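K.L.:
Got a structure for you, written out below as structure tokens; questions coming shortly.
The values are calculated or read from the model by the stated rules, or taken from the named source; none is laboratory data. Here the structure is a predicted model, which is why all the values come from computation and not from measurement. Here Cβ is always computed from backbone atoms with ideal geometry, including for glycine, and neighbour counts include all displayed protein chains. For accessibility, only protein heavy atoms count, side chains too; no ligands or nucleic acids. Shrake-Rupley method; radii C 1.70, N 1.55, O 1.52, S 1.80 Å.
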Amino acid sequence: QEAVLAEIERLRGILSTYDPASEISRVSQGLQPAVAPELRQLLADYDDWSVRTGGAVDARLANVMRLWREAARTGRVPAAAELRAALNASGALNVDALGKAAIIDRAVAVARRLVPAGLVNIGGDLRAWGDRTWQIGVADPLSPAENAPLLATFPLRDAAVATSGDYARPLVIADRSYSHLIDPRTLQPVAQVSSATVVAADCLTANALAAALSVLGPPGAASLADLGRALGHLVVDRVGGISHGGIFATVADATAPTAPPPVSNSTSPAPPAPSPVATSPVTPPVPAKPAALAPWPKGFQVSINLIIGGSAGHGYRPYVAFWVENADHQMVRTLCVLGDDTRFINHLTGWHNVSRDAYYVGVTRATRPTGLYTVVWDGRDDDDQPVPQGTYHVWVELVREEGRHTTTTATVVCDDQPHTVDLAATVESGASKVEFGPKPVAPANPPAPVDVPKIINPP
């Protein structure tokens with residue numbers, strides 16, 4: 001693990017567009033030419049895949065993407081002339097998509113020399129190596145919460161999977177949601193695809209094809225000759241329509257059951273339980289109950305948006321339990337448990353009902369904002385029976401591998417009106433939100449394609 005993390009950190013210093021001191025940042029600023037062989041190879045890969053995908057993959061969009069992010073702050077959609085000028089400005093490169101894939105592939109090359117089999121997962125892109133099969137889930141872009149039903153599951157063996165999607169980091173401009181993914185040919189946000197997942201022999205191929213499918217959509221898949229290099233593809237449009245092939249041919253039409261909280265098969269004895277620190281009050285005041293036994297409002301849900309901090313426990317994995325109790329503090333529903341080692345799951349001492357018999361070791365999804373985890377509750381108990389309207393307590397318990405242990409809770413009135421309450425910060429988590437209200441609804445019709453001329457002629 002230390003060797004893999006060291007390689008990732010070395011490559012981050014070359015390829016990270018978020019680090020002003022990285023080589024890619026200095027190249028973009030015109031301060032130096034590309035020197036590192038990893039960067040020169042990555043730029044060559046972008047040129048290659050731009051040709052292969054008819055211009056759907058491009059490394060020259062940094063200034064264009066900056067304009068669209070600025071539009072989210074100002075509420076003004078950039079004009080075509082502004083976008084064209086931003087594209088033609090010298091310098092700025094954005095290699096985030098294929099850069100992450102290249103880092104994963106090189107990290108796995110290091111790992112292969114040290115252990116016979118394993119799995120690397122960075123931001124929802126995964127690569128497995130060796131003589132072992134891993135059960136992987138695909139997040140549903142129309143319902144991407146951590147504990148939501150998976151769109152599909154499949155076995156991953158000595159191969160990679162990548163997902164490109166717009167559902168995790170949308171741009172909101174003048175109350176309208178736009179994809180953060182930009183079509184290099186039009187310089188407009190992608191409008192038709194919610195997510196594209198590709199399984200291939202290596203992560204760079206999987207990521208390049210997933211990015212291209214996000215831009216081209218299912219109709220454009222036929223033009224991708226290199227799609228034949230994929231072991232499987234799964235494309236979901238804005239209203240849930242599915243296009244699939246290869247390894248997903250038999251599983252993509254069936255919605256998988258809700259993934260249970262992950263529990264490892266580890267038999268290692270649990271170390272002594274750590275002492276809790278910085279917990280929020282464990283007995284919050286209980287507001288007055290709504291009308292007794294009124295049914296849970298149709299289409300409503302509770303969303304827990306937890307921000308896990310990084311500074312206090314940097315380098316140590318968090319294990320997190322989410323659950324709901326009623327007004328009398330009786331267990332109603334275990335929502336989700338994040339983590340895969342019972343030695344640390346056993347330290348979630350405030351969480352009840354830990355027994356589960358299956359889990360997914362990884363889920364491929366679009367990259368989400370750092371540290372943000374969303375878990376939802378649909379108003380049903382552990383027996384899958386609907387609960388009435390009332391006052392409920394949402395609990396989040398977190399333990400780090402090195403010993404920090406925190407608990408925070410929020411009291412939510414679940415009646416027929418939307419509510420938002422704060423989830424108190426701890427030394428391991430930031431101030432977060434719990435929201436109660438109608439579930440997001442997919443548009444009745446997919447958005448119409450943007451009617452603008454192609455600014456870049458495909459090679």
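K.L.:
Please compute the length gained on full extension between ALA85 and THR153, using 0.36 nm multiplied by the number of residues separating them and subtracting their Cα-Cα distance.
P.N.:
Contour length minus Cα-Cα distance gives 20.1 nm.
K.L.:
If you don't mind, there's one more thing I want to ask. Please work out the Kirkwood hydrodynamic radius for region 379-446, using every pair of different C-alpha atoms, and report it in angstroms with one decimal place.
P.N.:
Value: 14.4 Å, from the Cα pair sum.
K.L.:
Let me ask you something else. Could you give the length gained on full extension between GLN385 and ASP47, defined as 0.36 nm per residue of separation minus the Cα-Cα distance, in nm?
P.N.:
116.3 nm
K.L.:
Could you tell me what % of all Cα pairs in region 116-200 have separations over 21 Å?
P.N.:
Everything past 21 Å amounts to 41 percent.
K.L.:
Could you state the accessible area per residue of region 11-113 in Å², with a 1.4 Å probe and every protein chain left in place?
P.N.:
The answer is 47 Å² per residue.
K.L.:
Something else now. Take ARG112 and ALA3, extend 7 Å from each Cα along the Cα→Cβ direction, and tell me the distance between the two endpoints in nm.
P.N.:
1.3 nm
K.L.:
Quick one: pull the percent of accessible area on region 140-188 belonging to carbon and sulfur, 1.4 Å probe, ligands and nucleic acids left out.
P.N.:
With neighbouring chains kept in place, the figure for region 140-188 is 46 percent.
K.L.:
Could you compute the net charge surrounding LEU156? Neighbours are other residues with a C-beta less than 11 Å from the C-beta of LEU156; K and R count +1, D and E count -1.
P.N.:
+2
K.L.:
DSSP loop trypsin sites (Lys or Arg not before Pro) in region 142-201 with at most 15 other Cβ atoms within 10 Å of their Cβ, which ones?
P.N.:
ARG157
K.L.:
Here's another thing I want to ask about it. Take each of the peptides 55-67, 87-99, 378-390, 4-16, average the number of other beta-carbon atoms within 10 Å over its residues, and list them starting from the highest.
P.N.:
Highest mean packing first, the order is 55-67, 87-99, 4-16, 378-390.
K.L.:
Above 17 Å lies some portion of the pair distances; for region 21-71, what is it as a whole percent of all C-alpha pairs?
P.N.:
Result for the distance tail: 48 percent.
K.L.:
Using alpha-carbon positions, what is the distance between the centroids of region 145-219 and region 21-98, in Å?
P.N.:
Cα centroid to Cα centroid, the span is 18 Å.
K.L.:
Assuming 0.890 mPa s and 25 °C, estimate D for region 1-153 with Stokes-Einstein, Rh taken as the Kirkwood radius over Cα pairs, in µm²/s.
P.N.:
Estimated via Stokes-Einstein, D reaches 137 µm²/s.
K.L.:
In region 1-93, what chymotrypsin sites (Phe, Trp or Tyr not before Pro) fall in a loop by DSSP, with at most 16 other Cβ atoms inside 10 Å?
P.N.:
TYR18
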